[in-house]
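Visitor: To start, I am sharing the structure in question, which I have written as structure tokens.
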Amino acid sequence: MTLRVFIPCDAAARAVGADGVATAIRDEAQRRGVDLVIVRSGSRGLFWLEPMVEVQTTRGRIAFGPVTRKDVPGLFGDTPFAQNHPLCLGKPEDIPFLKRQTRVTFARCGVIDPLSLAPWRGLERAKSLGPAATLEEVVKSGLRGRGGAGFPTGIKWRTVADTPSDRKYIVCNADEGDSGTYADRMIMEGDPFLLIEGMAIAGFAVGASKGYVYIRSEYPDAARTMEKAIVIARAAGRLDEFAMEVRVGAGAYVCGEETSLLDSLEGKRGQVRAKPPLPAHKGLFGRPTVVNNVLTLAAVPSILADGADAYAALGYGRSRGTQPIQLAGNVKHGGLFEAPFGISLGELVDEIGGGTRTGRPVRAVQVGGPLGAYFPRALFDTAFDYEAFAARDGLIGHGGIVVFDDTVNMARQARFALEFCGIESCGKCTPCRIGSKRGVETMDKIIRGEQREANLALIEDLCQTLKFGSLCALGGFTPYPVMSAVRYFPEDFNRPPVGLAAE
Amino acid sequence: MSAPWNETVAREIIERYQDREGPLLPILHDVQAAFGCVPPSAIRTIANALNLTRAEVHGVVSFYHDFRETPAGRHVLKLCRAEACQSVGGEALARRILDHFGLDWGGTTADGRLTIEPTYCLGLCACAPSAMLDGEPRGRLTAEFIDELAS
């Protein structure tokens with residue numbers, strides 16, 4: 001019997017040697033005459049166990065990890081992939097990190113061959129319902145934009161559907177630039193047809209016949225997989241009514257902001273547009289455009305296939321459904337954790353994440369990317385929910401959590417937030433373009449010990465200007481990491497002065 | 001390896017995309033893939049073909065971090081400097097790597113072998129510190145990576 005072995009082709013698994021492991025397994029099988037076929041799946045998202053290899057048995061799949069090339073001869077032993085091998089993890093779905101999850105969007109990711117085309121039950125049901133009822137189904141599900149703003153998806157779709165135009169567009173924002181996030185990348189590499197189906201449903205619901213996936217250039221694997229998947233879907237006749245194209249960004253973080261993304265797609269500098277007009281009224285090439293994040297569109301097929309009520313039954317408060325949370329940075333068990341909204345930050349970091357990778361105490365977490373607030377342990381009872389985080393001057397953004405141990409210097413982190421804002425500013429509005437530079441200079445003075453009190457007051461004043469005077473979230477949200485660092489970690493802004501050159 | 005400037009090749013690239021909506025970024029990507037950079041002659045050719053001013057094309061080239069107007073070294077290392085990598089000592093490792101090659105961010109070694117550039121997140125944040133070497137992802141980097149780069 002042919003032995004089926006699953007090895008992730010996910011970029012993060014490849015980054016830690018999955019390709020080498022695949023080659024070693026293939027060579028070892030040949031040498032021993034073992035009849036074996038390797039399937040390159042996506043990743044299950046248990047990254048501390050990557051490269052994680054799974055083997056099909058009569059009792060389901062059995063996982064081994066983390067596997068290195070050197071482990072491969074031993075894995076073949078007397079019987080290949082014996083379950084008494086020290087790297088054997090048992091059934092992957094019994095690993096506590098995976099067992100505690102509710103996988104809706106990520107149900108197939110890491111399980112299937114990413115380029116295997118299954119029936120599109122979501123689109124089929126949408127077609128049977130018609131565009132208007134499809135739209136209402138998405139409204140009823142309570143789905144909110146997963147890019148960070150949390151805007152109700154159904155309302156956005158309805159606006160586009162109700163705006164008359166000669167053409168309309170669906171644009172998928174796959175410019176996942178927030179540090180600590182990788183869920184979009186995992187979907188595009190591990191289950192690209194889920195996103196394609198979601199976009200096709202969106203196109204059907206609002207009457208758009210063209211869709212663009214704007215993928216950041218830092219994700220070459222994702223772009224390649226999406227391109228291949230679109231070719232396959234097209235050849236299978238699945239995209240007859242909805243044309244799709246992948247566009248690759250060029251290293252500008254600000255293009256994750258929807259209006260600069262649209263300008264970039266049009267071939268311009270990725271500068272932010274003033275709103276109104278909303279993209280739903282005048283978006284790509286001035287036409288009504290749905291701009292949704294990867295995770296938003298990837299949630300749509302299951303909402304249609306299994307019904308809005310099933311999706312809305314999960315969640316917390318006004319945040320319905322599941323959120324793919326990404327644990328990253330200095331965390332023992334880093335990975336993708338999909339769960340209904342409402343789980344507490346402390347449970348995520350301490351129990352599921354297992355604390356820090358270095359074994360030192362967790363001092364701070366940054367939730368929601370480089371524009372998200374730094375939270376101390378005192379706020380670990382915050383529920384993972386848009387409103388609960390907003391109530392504490394934070395944001396969940398795209399669901400990334402970066403963990404820091406007690407060696408972190410929060411004044412340096414605050415400085416970095418301002419520096420990053422300056423590096424990535426599109427330059428259109430003054431608070432962001434100039435304010436970020438003055439912010440870095442002022443923070444340097446604080447670190448050097450110059451007139452700390454006065455300069456901290458200046459930082460607070462500057463943050464007010466950034467928050468209320470910037471055109472988009474880059475300048476508007478940079479105050480979150482800066483002011484949360486100042487507020488919750490004041491001792492770090494009063495350390496003995498150090499020369500900047502010493503760092 | 002990238003080829004020297006060739007007007008015919010550039011025109012072929014432009015023609016491939018000219019009928020698409022908003023074709024400038026795909027053209028610039030392919031031009032850079034072919035020639036290792038977007039040279040001034042490319043800017044002129046593209047501007048003429050797309051009925052744009054050279055200033056407009058230059059404005060786009062200079063806006064995006066990816067596009068360069070002079071070629072990089074034979075190998076390009078993009079080291080992540082974002083928060084997840086910072087949390088596991090990424091900055092200290094980056095400093096050691098830069099010092100080892102006597103480079104600052106964006107610099108190229110004198111023999112033209114290696115360019116080191118900053119990047120802000122490669123989506124490998126659960127396997128930090130991370131980098132991309134000639135387009136291939138690398139994670140859980142340690143000081144051993146310096147030896148690998150040097151050899």
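Visitor: Which residue is farthest from A:Gly45 (Cα to Cα), if the candidates are limited to the range B:97-151 and must be of a type in the set (Asp, Glu) and touching a helix residue (DSSP H, G or I) at 6+ places or on another chain (Cβ under 8 Å)?
Guide: B:Asp104
Visitor: Identify the residue in the range A:226-264 that is among the aliphatic types (A, V, I, L, M), without any contact (Cβ under 8 Å) to a residue 40 or more places away in the chain and touching an Asp or Glu at 6+ places or on another chain (Cβ under 6 Å) and, among all such residues, is surrounded by the fewest Cβ atoms within 10 Å (Cβ to Cβ).
Guide: So, considering only residues that are among the aliphatic types (A, V, I, L, M), without any contact (Cβ under 8 Å) to a residue 40 or more places away in the chain and touching an Asp or Glu at 6+ places or on another chain (Cβ under 6 Å), the one surrounded by the fewest Cβ atoms within 10 Å (Cβ to Cβ) is A:Ala250.
Visitor: Still on this structure: Specify the residue that is nearest to the other protein chains (Cβ to nearest Cβ); the eligible residues are those in the range A:331-373 that are within 23 Å of A:Glu93 (Cα to Cα) and in a strand (DSSP E or B).
Guide: Checking each candidate, the answer is A:Gly335.
Visitor: Does A:Asp178 qualify as being assigned to a loop (DSSP other than H, G, I, E, B), crowded, with 21+ Cβ neighbours inside 10 Å and either basic (Lys, Arg) or out of contact with any Lys or Arg (no Cβ under 8 Å at 6 or more places or on another chain) (or both)?
Guide: The answer is yes for A:Asp178.
Visitor: Follow-up question, since we're still on this one. If a residue must be within 16 Å of A:Val171 (Cα to Cα), more than 10 Å from chain B (Cβ to nearest Cβ) and surrounded by fewer than 20 Cβ atoms within 10 Å (Cβ to Cβ), how many such residues does the range A:274-291 contain?
Guide: 5
Visitor: Turning to a different aspect of this structure: Could you grab me the full set of residues in the range A:86-144 that are within 21 Å of A:Ala183 (Cβ to Cβ), of a type outside the set (Val, Ile, Thr) and assigned to a helix (DSSP H, G or I)?
Guide: Selection gives A:Pro92, A:Glu93, A:Pro96, A:Phe97, A:Leu98, A:Lys99, A:Gly122, A:Ser141.
Visitor: Just one of the numbered conditions (1) under 17 Å from A:Arg4 (Cα atoms); (2) of a type in the set (Val, Ile, Thr); (3) in contact (Cβ under 8 Å) with a residue 12 or more places away in the chain is not true of A:Thr105; which one?
Guide: Only one criterion in (1) under 17 Å from A:Arg4 (Cα atoms); (2) of a type in the set (Val, Ile, Thr); (3) in contact (Cβ under 8 Å) with a residue 12 or more places away in the chain is unmet by A:Thr105, namely (1).
Visitor: Are any residues in the range A:483-498 out of contact with any Asp or Glu (no Cβ under 9 Å at 6 or more places or on another chain) and touching a residue at least 40 places away in the same chain (Cβ under 8 Å), and if so, which ones?
Guide: A:Tyr488, A:Phe489, A:Asp492, A:Phe493, A:Asn494, A:Arg495, A:Pro496, A:Val498 - these are the residues of the range A:483-498 that are out of contact with any Asp or Glu (no Cβ under 9 Å at 6 or more places or on another chain) and touching a residue at least 40 places away in the same chain (Cβ under 8 Å).
Visitor: Let me ask you something else. Those residues that are in contact (Cβ under 8 Å) with a residue 40 or more places away in the chain and touching a Phe, Trp or Tyr at 6+ places or on another chain (Cβ under 9 Å), I need them from the range A:358-368; list them, please.
Guide: If the condition is that a residue be in contact (Cβ under 8 Å) with a residue 40 or more places away in the chain and touching a Phe, Trp or Tyr at 6+ places or on another chain (Cβ under 9 Å), then A:Val362, A:Arg363, A:Ala364, A:Gln366, A:Gly368 are the ones that fit.
Visitor: Just one of (1) within 22 Å of A:Phe420 (Cβ to Cβ); (2) more than 10 Å from chain A (Cβ to nearest Cβ); (3) not β-branched (Val, Ile, Thr) trips up B:Ser62, so point out which.
Guide: Condition (2) is where B:Ser62 drops out.
Visitor: Out of everything in the range A:305-315 that is under 15 Å from A:Gly342 (Cβ atoms) and buried (at least 18 other Cβ atoms within 10 Å of the Cβ), what residue ends up being modelled with the lowest pLDDT?
Guide: A:Gly315
Visitor: Right, here's the next one. Is there a residue being buried (at least 21 other Cβ atoms within 10 Å of the Cβ), among the aliphatic types (A, V, I, L, M) and within 11 Å of another protein chain (Cβ to nearest Cβ) anywhere in the range B:10-19?
Guide: Taking every residue of the range B:10-19 in turn, none turns out to be buried (at least 21 other Cβ atoms within 10 Å of the Cβ), among the aliphatic types (A, V, I, L, M) and within 11 Å of another protein chain (Cβ to nearest Cβ).
Visitor: Hey, any hits in the range B:36-52 for a residue that's over 18 Å from the mean Cα position of the chain (by Cα) and within 30 Å of A:Phe416 (Cα to Cα)?
Guide: No; the residues of the range B:36-52 include none that is over 18 Å from the mean Cα position of the chain (by Cα) and within 30 Å of A:Phe416 (Cα to Cα).
Visitor: Right, next: Which number in (1) assigned to a loop (DSSP other than H, G, I, E, B); (2) away from every other protein chain (no Cβ under 13 Å); (3) surrounded by 15 or more Cβ atoms within 10 Å (Cβ to Cβ); (4) of a type in the set (Val, Ile, Thr) marks the one condition that B:Ile146 misses?
Guide: Only one criterion in (1) assigned to a loop (DSSP other than H, G, I, E, B); (2) away from every other protein chain (no Cβ under 13 Å); (3) surrounded by 15 or more Cβ atoms within 10 Å (Cβ to Cβ); (4) of a type in the set (Val, Ile, Thr) is unmet by B:Ile146, namely (1).
Visitor: Next up: Please go through (1) in contact (Cβ under 8 Å) with a residue 24 or more places away in the chain; (2) surrounded by fewer than 18 Cβ atoms within 10 Å (Cβ to Cβ); (3) not aliphatic (A, V, I, L, M) for B:Asp104 and return the number of the only condition it doesn't satisfy.
Guide: Of the numbered conditions (1) in contact (Cβ under 8 Å) with a residue 24 or more places away in the chain; (2) surrounded by fewer than 18 Cβ atoms within 10 Å (Cβ to Cβ); (3) not aliphatic (A, V, I, L, M), the odd one out for B:Asp104 is (1).
Visitor: Quick test of your reading of the structure: B:Ala126 fulfils all but one of (1) among the hydrophobic types (A, V, I, L, M, F, W, C); (2) more than 13 Å from every other protein chain (Cβ to nearest Cβ); (3) over 20 Å from the mean Cα position of the chain (by Cα). Name the failing condition by number.
Guide: Every condition holds for B:Ala126 apart from (2).
Visitor: Could you grab me the full set of residues in the range A:28-53 that are assigned to a helix (DSSP H, G or I) and within 13 Å of A:Arg14 (Cβ to Cβ)?
Guide: Within the range A:28-53, A:Phe47 is the sole residue that qualifies.
Visitor: Which residue out of B:Leu79, B:Leu93 is modelled with pLDDT of 95 or more, part of a strand (DSSP E or B) and not assigned by TED's automatic domain parsing to the domain that holds B:Asp30?
Guide: Just a single option satisfies the conditions, and that option is B:Leu79.
Visitor: Now, a different point. What's the number of the condition A:Pro80 fails, among (1) away from chain B (no Cβ under 14 Å); (2) touching a residue at least 60 places away in the same chain (Cβ under 8 Å); (3) under 20 Å from A:Leu115 (Cα atoms)?
Guide: (3)
Visitor: Could you tell me whether any residue of the range A:267-275 is assigned by TED's automatic domain parsing to the domain that holds A:Arg167, at positive phi and at pLDDT 95 or above?
Guide: Yes, the range A:267-275 contains at least one residue that is assigned by TED's automatic domain parsing to the domain that holds A:Arg167, at positive phi and at pLDDT 95 or above.
The values are calculated or read from the model by the stated rules, or taken from the named source; none is laboratory data. Remember, it's a predicted structure, so these values are computed and weren't measured experimentally. Every residue, glycine as well, gets a Cβ built from its backbone with ideal geometry; the counts of neighbours run over all protein chains shown.
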